[in-house]
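Just so it is clear, none of the values below were taken in a lab; they were calculated from the coordinates. Please read all numbers here as calculations on a predicted model, not as lab measurements. Note that we place each Cβ from the backbone using ideal geometry, even for glycine, and neighbour counts take in every protein chain shown.
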Amino acid sequence: MSHLRWGTCGEEILAGTMARGEAEAFLRSVAQRVREVPLPFVPSLLVGADVAYGERQAVAAVVVWDLREGKVVWEETREGPVAAEYRPGLFFLREAPLVLPLLSRVPLDGWVALLHGHGMAHPLGAGLASVVGVLLGRPTVGCAGSLLCGRGGEPGEEKGSWSPVWWQGKRVGAFLRTRAGVKPLVVSVGHGLTLEEAVGLVHAASVYRFPEPLRLADALARKSLRAAAGGV
DNA sequence: GCGACAG
DNA sequence: ATCTTGTCGC
């Protein structure tokens, strides 16, 4: 498991074959490869990816959001079997199998992906967003509704206000007020950009609590799941 | 040993 | 995450 590229270890992830020990070792490897560095380009698109689950089948949705126009310019869904049960800390085993194939097929460039979960703000230093970012070699950001580890101060009440989240002496994420009057979102670097850039992008695309690309991907995934499973 | 725990 | 309509509140 030395080479971390989509295609080499992707099969294992897709098969949901990884045992807890293997999965943790995998996450540590991903954590070593995570880079928190400035973006090498000015992003014009944000890609939101999310998955809706049925009993055995699940549907992933990807929505490409044009930051300048403030609208969806492309979207796609993919149905597949539920790869694994949910276990805190190993969420990627459940979500990545369906999200990776979809993201690798986005026909546009210059984007940063938003994942529903954590990036570096993870006990092992790499959550779903980091796994996706490192395997695809693309910048990713983790957006979660609550902490998995670490702690941080309450940000100001106005939209855009944020405060750092700390874990074991390191700054691993931020509490971002994406909308006045709502519980702050936990934003963390998945891979390939700085926390300041991640926070700025999420803030720029937020109207409600979760940024538009993610909110729309969530809605599309559910709608597609009902059409696929409920239509029978 | 006990509690906490992304979605 | 999911089971689920209307409803209370800013």
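Which one, A:L185, A:G142, A:V202, projects farthest toward the positive side of the charge dipole computed for chain A from Cβ point charges (K/R +1, D/E -1)?
My answer, from the dipole projection, is A:L185.
Report, by chain and number, residues whose modeled amide H sits under 5 Å from the one on A:G117, excluding near sequence neighbours (fewer than 5 apart, same chain).
For A:G117, the qualifying residues are A:C143, A:A144.
Suppose every K and R has +1 on its Cβ and every D and E has -1 on its Cβ; what is the size of the dipole of chain A about the Cα centre, in Debye to the nearest 20?
280 debye
Order A:113-126, A:187-200, A:52-65 from most to least packed using the mean count of other Cβ atoms within 10 Å.
On the way: A:113-126: 26.7, A:187-200: 24.2, A:52-65: 20.2.
For the peptides A:113-126, A:187-200, A:52-65, the packing ranking is A:113-126, A:187-200, A:52-65.
With a 10 Å radius around each residue's Cβ, average the other Cβ atoms per peptide and rank A:156-166, A:130-140, highest first. Show your work: numbers first, answer last.
Numbers: A:156-166: 15.9, A:130-140: 24.9.
Answer by packing, highest mean first, reads A:130-140, A:156-166.
Given Cβ point charges of +1 (Lys, Arg) and -1 (Asp, Glu) and nothing else, what value in debye, to the nearest 20, does the dipole of segment A:66-115 about its Cα centre take?
Numbers: 6 positive and 8 negative charges, 28 e Å.
About 140 debye.
Please compute the net charge surrounding A:E158, taking Lys and Arg as +1 and Asp and Glu as -1 over other residues with Cβ under 12 Å from its Cβ. Write out the running numbers ahead of the final one.
Details: positive: A:K159, A:R177, A:R179; negative: A:E157.
Local charge sum for A:E158: +2.
How many percent of all Cα-Cα pairs in segment A:79-149 sit more than 19 Å apart?
On the way: 763 of 2485 pairs.
When every Cα pair of segment A:79-149 is considered, 31 percent fall beyond 19 Å.
Can you give the convex hull volume of the alpha carbon atoms of chain A per residue, in Å³?
On the way: hull volume 26.9 nm³, N = 232.
Enclosed volume per residue, from the Cα hull, is 116 Å³.
Under 24 Å between alpha carbons, and skipping anything fewer than 8 positions from A:K183 in its own chain: which lysines qualify?
Leaving aside lysines fewer than 8 places away in the same chain, those within reach of A:K183 are A:K159, A:K170.
Compute the convex hull volume of the Cα atoms of segment A:125-232, divide it by the residue count, and report the result per residue in Å³ as a whole number. Walk me through the intermediate numbers first.
On the way: hull volume 12.3 nm³, N = 108.
Expressed per residue, the convex hull around the Cα atoms of segment A:125-232 is 114 Å³.
So, with +1 on the Cβ of K and R and -1 on the Cβ of D and E, and no other charges, what is the size of the charge dipole of segment A:11-135 about its Cα centre, to the nearest 20 debye?
Working: 11 positive and 15 negative charges, 51 e Å.
My answer is approximately 240 debye.
Gap in Å between the Cα centre of segment A:78-136 and the Cα centre of segment A:167-181?
Between the Cα centre of segment A:167-181 and that of segment A:78-136, the gap is 20 Å.
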